[in-house]
Amino acid sequence: MPSYLITGASRGIGFALLEQLSENADNVVLTIVRNKAATESKIAAELPGRKNIFVLQGDLTNVDSIQNAFNETKKILGDSLDVLIANAGYISDYSGFQSLTELGQDTKALDADLNQCFQVNVVGNIHLFNIFLPLIKNGTTKKVVTIGSGMSDEKLAVDIGLFEGAPYSISKAAMNMVNAKFQAEYKKEGIIFMGVCPGSVDTGHYDNLSPEEMERNMAIGGKFMGYAPGFKGWSAPADAARDVLDVVQKANMEANGGQLVSHFGNKQWL
Ligand SMILES: NC(=O)c1ccc[n+]([C@@H]2O[C@H](COP(=O)([O-])OP(=O)(O)OC[C@H]3O[C@@H](n4cnc5c(N)ncnc54)[C@H](OP(=O)(O)O)[C@@H]3O)[C@@H](O)[C@H]2O)c1
């Protein structure tokens, strides 16, 4: 019975991962979410009858809640977990369309946004990994997957003039190094720490844009098209989840250990 734990399956890519992994009744799929009751209601409505899904409460900014989720996980799985997917993340709508110079006009708000990105996307995941590693060590698959982002690729940023979304991009770049450091420590134990970028996925962050944000979003789309002429716009979470799971399933230490790859399994982000 392969076991998976996904953070943040309340919506977006996380929910699509949960849906696809739990389709196979042999899999046991756990998720840590901030709002347990709301997620359970959504699962009951959209995925009725799936007895292999378990919802646990936890917030990445509250280490005690992650420790509690670990204790609950042990009650369900015993002493082993095969795959941990660190999907939950803070995608800042505040700084998504602006440059660092523009954001610097309000230093307090920029501080808050940088700290929030770092606390959730980096610090929270470090605690998550440390807490769950004892179970991963006893798993058969031994994979710790972060849903990373091509926005963390510094060459891409410079090449296509992608100045937007710096706090988020910085936190995702930091998370790449977190994976490299854990990989350096645990390679000898055969645990793979890997990042996968799901591509550019529509999870509702572009639903209520102001006319100015809409214009800026179009400009980002133009940059993406310049980079990948075949880019057809934002993909659906279900397609992204399928691609991510395919990359995770094929992953091995040599190609993926401590590395971020795209949904194509390489460094082509779109
Ligand atoms: N969408 C894209 O184009 C894209 C591209 C590259 C990478 N990614 C990465 O893919 C992952 C999922 O993205 P998404 O688009 O599905 O995002 P999303 O729709 O904004 O969902 C984010 C998820 O993270 C959870 N979360 C946020 N803060 C949390 C915290 N402090 N503790 C626990 N859970 C928390 C949210 O829970 P609540 O429901 O409680 O808010 C939600 O489940 C993220 O790591 C993101 O950086 C996305």
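Structure notes:
- At full extension, Q119 and T101 could sit 4.2 nm farther apart than now, given 0.36 nm per residue minus the alpha carbon distance.
- Rounded D (µm²/s) - segment 84-205, Kirkwood Rh over Cα pairs, Stokes-Einstein at 20 °C, 1.002 mPa s: 140
- Taking every lysine pair in segment 83-183 that is 8 or more places apart or spans two chains, those with Cα atoms closer than 30 Å amount to 12.
- The chain - mean residue ellipticity at 222 nm from DSSP helices (-39,500 (n - 2.57) per run, n ≥ 4, rounded to 500): -15000 deg cm²/dmol
- Charge dipole (segment 223-267, unit charges on Cβ, about Cα centre) - positive-most of A228, M253, A240: A228
- Net charge dipole size for segment 160-243 [Lys, Arg +1 and Asp, Glu -1 on Cβ; Debye, nearest 20]: 440
- Dipole-positive endmost among T101, N125, G12 within the chain (Cβ charges, Cα centre): N125
- Semi-axes of the equivalent ellipsoid of segment 68-108 are 41, 11, 7 Å, computed as sqrt(5λ) over the eigenvalues of the C-alpha gyration tensor in descending order.
- Rounded, prolate or oblate (a/c below 1.5 giving rounded, otherwise prolate when a/b exceeds b/c) for segment 9-78 by Cα gyration tensor: oblate
- Residues of segment 183-213 with amide N under 11 Å of the 7 Å Cα→Cβ point at D239: 200-202
- Length released on extending from M225 to F264, taking residue separation times 0.36 nm less the Cα-Cα span: 12.4 nm
- Check: the chain dipole with +1 on Lys, Arg Cβ and -1 on Asp, Glu Cβ, in debye: 860
- N71 paired with R50, simple spin-label distance in nm, labels 7 Å along Cα-to-beta-carbon: 2.8
- Cα gyration tensor shape for segment 151-250, rounded if a/c is under 1.5, else prolate or oblate: prolate
- Acute angle (nearest 10 degrees) that the helix 107-118 long axis makes with the longest principal axis of the chain, alpha-carbon atoms: 30
- Over all orientations, the chain has a Cα convex hull whose mean projected area works out to 14.1 square nanometres.
- Three-way shape label, segment 1-132, alpha-carbon gyration tensor, a/c 1.5: prolate
- Maximal additional length on extending the N62-V158 stretch stands at 31.1 nm, based on 0.36 nm per residue less the C-alpha distance.
- Highest-fluctuation residue, A219, A16, A88 considered, GNM on the chain with Cα pairs under 10 Å: A219
- With Cα atoms, 0 to 90° folded angle of helix 63-77 axis to the chain main axis: 40
- Nearest-ten-degree value, helix 211-227 long axis tilted from longest Cα axis of the chain: 80
The numbers here are math on the coordinates, done by the rules we state, and not lab data. All values derive from a computational prediction rather than experimental measurement. Ideal geometry is used to build each Cβ from the backbone, glycine not excepted, and the neighbour counts take in all protein chains shown.
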